Amino acid sequence: MPGTTARKQNRSRMVRAVCAVAGASLVLAACGSTKDTGAASAEGGGSGQVGVILPLLTSPFWQSYNDYVPKMADSEGVDTLKTVNSNSDPSQQITDINNQLNQGVKGLVVAPLDSAAIEAGLDQAERKGVPVVAVDVAPDKGKVAMVVRANNVAYGEKACQYLGEQIPSGKVVQIMGDLASVNGRDRSEAFRACVKKNFPKLKVLEIPAKWESDTAASKLDTLLNANPDIKGIYMQAGGVYLAPTLQTLKSKGMLKKAGQDGHITIVSNDGIPQEFDAIRKGEIDATVSQPADLYAKYGMYYIKAAMEGKTFEPGPTDHDSTIVKLPSGILEDQLPAPLVTKDNVDDPKLWGNTVK
């Protein structure tokens, strides 16, 4: 209606004027380029408890995220239940969502294990009017208020670029994640495409490892028996692949430190302290730091906003990220994920240097 449009325009002008005067230090929901376009719900807004569902706890990355959750919930003013671990089982994750909904949670922060399977849980939450924020993995379908994630295509591209600059030609191995997850698909396809386009003298060998350390170790051992001349490895998840990869190389006498003859250049993803230690020792060369702290922080921020009825628009944010609209129509806040090498591994701003 014309009257409604005029009021929205007036409100928009007022918000811009307040932001211009107050400056960038105001909270994201008030101004900022996260573009809050909603208003607080008339039914009590953000009151009520939030359920937090983890994909697994066998990875140091997810252990760190789990540790950050209560701290970030407290700083963002969110009341959370004790975290629930789905233990790498997509069907269990749907059960966990159901259980949380039956407990009467008013919001859910979920790290999906399977981008397709999670739709069933999201549909259950939507039927009950409970908003959901997805962390780390974007669903293929279903309603979420926001996906809090880094650009996983960039992960694969950064790994490709680093290996390509270090290795002029030869075989490189890509130890992939679960291809049922958009993360595994994005990293795998981006790495493969980047090598083909920019480093045609590299030959990519692939190990589908499903985020499983035992699978990675077994398949890498077999691959090395047939290809003892590999020159590089890209591990898509240091949290689960670092230890088995280094142990497998060591058992074959192939673990040479950076600078030594026969050193295999290794790039990882996660940014956990163990990877940083391996970089310092010269066992691996680089990792992409996936922001466990910011995943927890903005997971809490966006679920609080969603419970208050607030919405957002695509565009740059005031926390060094960009909100994008995915092909599914879902919004995703793509948080920064820097490449870490021996040159910046001791940077105190990296979350991997702030945890034990």
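The values are calculated or read from the model by the stated rules, or taken from the named source; none is laboratory data. Note that this is a predicted model, so its numbers are computed, not measured. With ideal geometry, Cβ positions are generated from the backbone for all residues, glycine too; neighbour counts draw on all protein chains shown. For accessibility, only protein heavy atoms count, side chains too; no ligands or nucleic acids. Shrake-Rupley method; radii C 1.70, N 1.55, O 1.52, S 1.80 Å.
About the Cα centre of region 249-356, what is the dipole size in debye to 20, counting +1 per Lys and Arg Cβ and -1 per Asp and Glu Cβ, all else neutral?
Details: 13 positive and 16 negative charges, 91 e Å.
Its charge dipole is roughly 440 debye.
Return, ordered by residue number, the residues of region 177-207 whose backbone nitrogen is under 13 Å from a label point located 7 Å along Cα→Cβ of LEU326.
180-187
Of the beta bridges DSSP finds with both residues in the chain, what % are antiparallel, to the nearest 5?
Values: 8 of 43 bridges.
Antiparallel bridges make up about 20 percent of those DSSP assigns within the chain.
In Å, what is the Rg of the alpha-carbon atoms in region 60-135, and how long is Dmax?
Final numbers for Rg and Dmax: 12.3, 34 Å.
How far, in nm, would the chain grow between THR311 and GLN166 when pulled straight, counting 0.36 nm per residue and subtracting the alpha carbon separation? Write out the running numbers ahead of the final one.
Working: separation 145, 0.36 × 145 = 52.20 nm, distance 4.41 nm.
Value of the extension gain: 47.8 nm.
For the residue pair ALA243 and ARG280, what label-to-label distance in nm results when each label sits 7 Å from Cα along the Cα-to-beta-carbon direction?
It is 1.9 nm.
What's the Kirkwood radius of region 169-213 in Å, using all Cα pairs? Don't skip to the end; give the middle numbers.
On the way: mean 1/r = 0.0924 Å⁻¹.
Every distinct Cα pair counted, the radius reaches 10.8 Å.
Considering Cα pairs under 8 angstrom that are at least six residues apart, work out the relative contact order of region 205-287 and quote it in whole percent. Write down the numbers at each step before the final one.
Numbers: 108 pairs, mean separation 22.3, N = 83.
Over region 205-287, the number comes to 27 percent.
When only Cα pairs under 8 Å and 6 or more residues apart are kept, what is the percent relative contact order across the chain? Before the final figure, lay out the partial values.
Numbers: 720 pairs, mean separation 73.2, N = 356.
Here the relative contact order equals 21 percent.
Report the gain in length on full extension from ALA116 to THR222: 0.36 nm times residue separation, minus Cα-Cα distance, nm rounded to one decimal.
Length gained, ALA116 through THR222: 35.1 nm.
Kindly flag which residue pairs out of LYS250/LYS349; LYS141/LYS297; LYS231/LYS342; LYS203/LYS349; LYS197/LYS297 have an alpha-carbon separation exceeding 26 Å in this structure. Present the calculation step by step, with values, prior to reporting the outcome.
Working: LYS250/LYS349 32 Å; LYS141/LYS297 24 Å; LYS231/LYS342 19 Å; LYS203/LYS349 36 Å; LYS197/LYS297 36 Å.
From the list (LYS250/LYS349; LYS141/LYS297; LYS231/LYS342; LYS203/LYS349; LYS197/LYS297), the Cα-Cα distance tops 26 Å for LYS250/LYS349; LYS203/LYS349; LYS197/LYS297.
Only Lys, Arg, Asp and Glu count, each charged at its Cβ (+1, +1, -1, -1), so figure out the dipole size of the chain about its Cα centre, rounded to 20 debye.
On the way: 39 positive and 40 negative charges, 144 e Å.
Here the chain has a charge dipole of around 700 debye.
Give me the percent of the accessible area of region 117-236 that comes from carbon and sulfur atoms, probe 1.4 Å, all protein chains in place.
Details: 2410 of 4980 Å².
So the carbon and sulfur contribution to the accessible surface is 48 percent.
Distances over 16 Å make up what percent of all Cα-Cα pairs in region 92-173? Don't skip to the answer; put the middle values down first.
Values: 1869 of 3321 pairs.
Looking at region 92-173, the distances longer than 16 Å represent 56 percent of pairs.
Please give, to one decimal in nm, the separation of the simple spin-label points placed at ALA258 and ASP79, each 7 Å out from Cα toward the Cβ.
A separation of 4.9 nm, rounded to one decimal place.
What does DSSP give for region 40-167 in terms of the percent of beta bridges that are antiparallel, rounded to the nearest 5? The partial results should precede the final answer.
On the way: 0 of 13 bridges.
Here the share of antiparallel DSSP bridges comes out near 0 percent.
How much length would be gained if the chain were fully extended between ASN344 and LEU179, taking 0.36 nm per residue of separation minus their Cα-Cα distance, in nm to one decimal? Write out the running numbers ahead of the final one.
Numbers: separation 165, 0.36 × 165 = 59.40 nm, distance 3.10 nm.
Stretched out fully, the ASN344 to LEU179 stretch lengthens by 56.3 nm.
Quick check for you: with a 1.4 Å probe and neighbouring chains kept, what is the accessible area per residue of the chain, in Å²?
Here the residues of the chain average 45 Å² of exposed surface.
Across region 142-182, how large is the tail of the calculated P(r) beyond 11 Å, expressed as a percent of all Cα pairs? Walk me through the numbers on the way to the answer.
Details: 625 of 820 pairs.
So the pairs more than 11 Å apart make up 76 percent of the total in region 142-182.
Based on the mean of other beta carbon atoms within 10 Å per residue, what is the order of 264-270, 321-327, 240-246, 275-281, most packed first? Walk me through the numbers before you get to the answer.
Values: 264-270: 26.7, 321-327: 14.9, 240-246: 23.7, 275-281: 18.9.
Going from most to least packed, we get 264-270, 240-246, 275-281, 321-327.
Which value, in Å³ per residue, describes the convex hull spanned by the Cα atoms of the chain? Show your work: numbers first, answer last.
Values: hull volume 51.3 nm³, N = 356.
Here the figure is 144 Å³ per residue.
Relative to the Cα centre, what is the charge dipole magnitude of region 238-288, using +1 at the beta carbon of each Lys and Arg, -1 at the beta carbon of each Asp and Glu, and rounding to the nearest 20 debye? Can you show the working numbers first?
Numbers: 6 positive and 6 negative charges, 45 e Å.
Computed charge dipole of region 238-288: roughly 220 debye.
In Å, what Kirkwood hydrodynamic radius results for region 220-344 from the alpha-carbon pair distances?
Numbers: mean 1/r = 0.0592 Å⁻¹.
Kirkwood hydrodynamic radius for region 220-344: 16.9 Å.
Just to be sure I understand: of the beta bridges DSSP finds with both ends in region 201-356, what percent are antiparallel, rounded to 5? Show your work: numbers first, answer last.
Values: 8 of 15 bridges.
Percent antiparallel among DSSP bridges in region 201-356 is about 55.
Given region 60-202, report the % of alpha carbon pairs whose separation exceeds 18 Å.
Details: 6287 of 10153 pairs.
Value for region 60-202: 62 percent of Cα pairs lie more than 18 Å apart.
I'd like the FRET efficiency for LYS143 and LYS197, computed as 1/(1 + (r/R0)^6) with the beta carbon distance as r and R0 of 30 Å, rounded to 0.05. Before the final figure, lay out each step's value.
Values: r = 36 Å, r/R0 = 1.19.
Efficiency computed from Cβ-Cβ geometry: 0.25.
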